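Written below as structure tokens is the structure these notes are about.
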Amino acid sequence: MPVDSAPAPLPLGQDVFALDTRMSGYEGITAAYAILGERPCLIETGTAASAPVVAAALEGLGVGPDDLAVLVVTHIHLDHAGGVGDLARLYPKARIVVQERGARHLADPTRLMASARLVFGSVLDDVFGPLAPTSAERIDAIGAYGEIDLGGGRTLQAHHAPGHASHHIGLVDSATGDLYVGDAAGIWIPETQDLRPTTPPPDFDLALALDTLDRFRSYRPTRLLFSHFGPVCEVDEVLQRSAEELRLWVDLVSEARSQGLDAEHTVTMVRARTADRYRAFTDDPALVAKFEHLNADAANIAGILRALDRAESAQSTGSGTPEWGGSSKAPA
């Protein structure tokens with residue numbers, strides 16, 4: 001991926017910049033964010049293949065190898081954290097911040113990469129690249145809540161935000177009120193103003209996801225900064241839409257499952273039943289192809305089916321909560 005082809009960082013005000021990581025060579029699919037100031041911070045890394053693009057963007061902002069103080073990932077999926085090991089090496093003074101359930105996988109990515117390879121096969125190398133290990137001594141693990149010091153009284157308030165993944169956090173900037181949502185609020189497609197759910201296996205849990213969205217709303221953020229993709233100012237409207245999309249997709253997949261449809265036919269049914277809802281998006285084949293790299297319908301439906309199976313199993317055995325059990329499964 002040519003580094004000089006990456007778009008220039010987009011200033012968002014108050015020393016916040018959006019960096020396009022150029023995932024799979026595309027513009028406008030995965031964002032990292034830089035917060036400059038006394039203790040410069042990077043939120044998200046993109047894939048391992050994107051690490052040179054992100055490093056070049058930071059250099060363009062005047063952040064040198066010894067300047068980056070903090071590198072935070074909202075969760076350890078490879079489109080968000082795949083570049084951690086490479087960037088940790090390039091910025092040796094940066095502390096690496098991650099939710100506690102993901103910390104061991106950054107220190108030793110062996111199991112995470114093996115699991116990802118089972119899912120993606122050889123595409124893993126082309127789309128993501130290998131997650132390099134990070135020294136455990138440099139990793140700061142966040143539990144239910146933590147504060148990240150950015151200097152000058154500015155902090156990132158980190159909140160555990162499960163539902164999409166058990167190792168997900170949301171981040172609130174004390175200076176701006178911005179909320180970095182990762183994947184917890186879905187995928188924002190700026191070209192068409194569509195919001196689509198992201199519910200991949202193994203961790204998707206509807207009740208936890210909806211609870212996270214409720215808590216996001218309670219923080220009263222000024223903007224939502226999506227990792228996919230970009231800033232959104234219509235906070236309440238978009239968080240409400242996110243909850244609606246999740247409920248809709250779960251209802252549709254539940255209906256298909258009750259009819260005994262297999263996964264392939266379930267994908268076909270969900271696409272047909274949501275065609276009008278996403279007409280502007282689906283009428284643009286190039287846009288669909290771009291986001292299919294990131295948020296495939298089949299993967300989202302597989303995650304919902306797994307969650308339905310888990311809930312049914314919990315009901316039949318009398319274990320867990322009766323409807324949607326809170327999954328604590330870390331990536332294998």
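We did not get these values from a lab; they are worked out from the coordinates using the rules stated. Owing to the predicted nature of the structure, the values given are computational and were not obtained by experimental measurement. Cβ coordinates were reconstructed from backbone atoms using ideal geometry, including for glycine residues, and neighbour counts include every protein chain displayed.
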Counting other beta carbons within 10 Å of each Cβ, put 115, 166 in order, fewest first.
115, 166
Using alpha-carbon pairs under 8 Å, 6+ residues apart, how would you state the relative contact order of the chain in percent?
14 percent
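List the relative contact order of region 73-207 as a percent without decimals, with contacts defined as Cα pairs under 8 Å and 6+ residues apart.
On the way: 219 pairs, mean separation 30.4, N = 135.
It rounds to 22 percent for region 73-207.
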Anyone know which of 236, 205, 20 comes out most mobile in the 10 Å Cα GNM of the chain?
236
Residue 182's amide H: which non-local residues (gap 5+, or another chain) put their own amide H closer than 5 Å, with H modeled 1.01 Å from N in plane and none for Pro or chain starts?
227
Just to check I understand the Karplus step: with θ = phi - 60° and J = 6.51 cos²θ - 1.76 cosθ + 1.60, what whole-Hz values come out for region 150-160, glycine and proline as x?
9, x, x, x, 8, 9, 9, 9, 9, 10, 4
For residue 97, residues with placed amide H under 5 Å, excluding near neighbours
71, 72, 73, 140
In region 77-166, trypsin sites (Lys or Arg not before Pro) in a DSSP loop with at most 13 other beta-carbon atoms within 10 Å
93
Under 8 Å for C-alpha pairs, at least 6 residues apart: give me the relative contact order for region 249-317, rounded to a whole percent.
42 percent
Which one, (i) 20.5; (ii) 19.9; (iii) 22.3, gives Kirkwood radius over Cα pairs in Å as derived from the coordinates shown?
(ii)
With a 10 Å Cβ neighbour count serving as the proxy for reagent exposure, in which order, fewest first, do 150, 252 appear?
252, 150
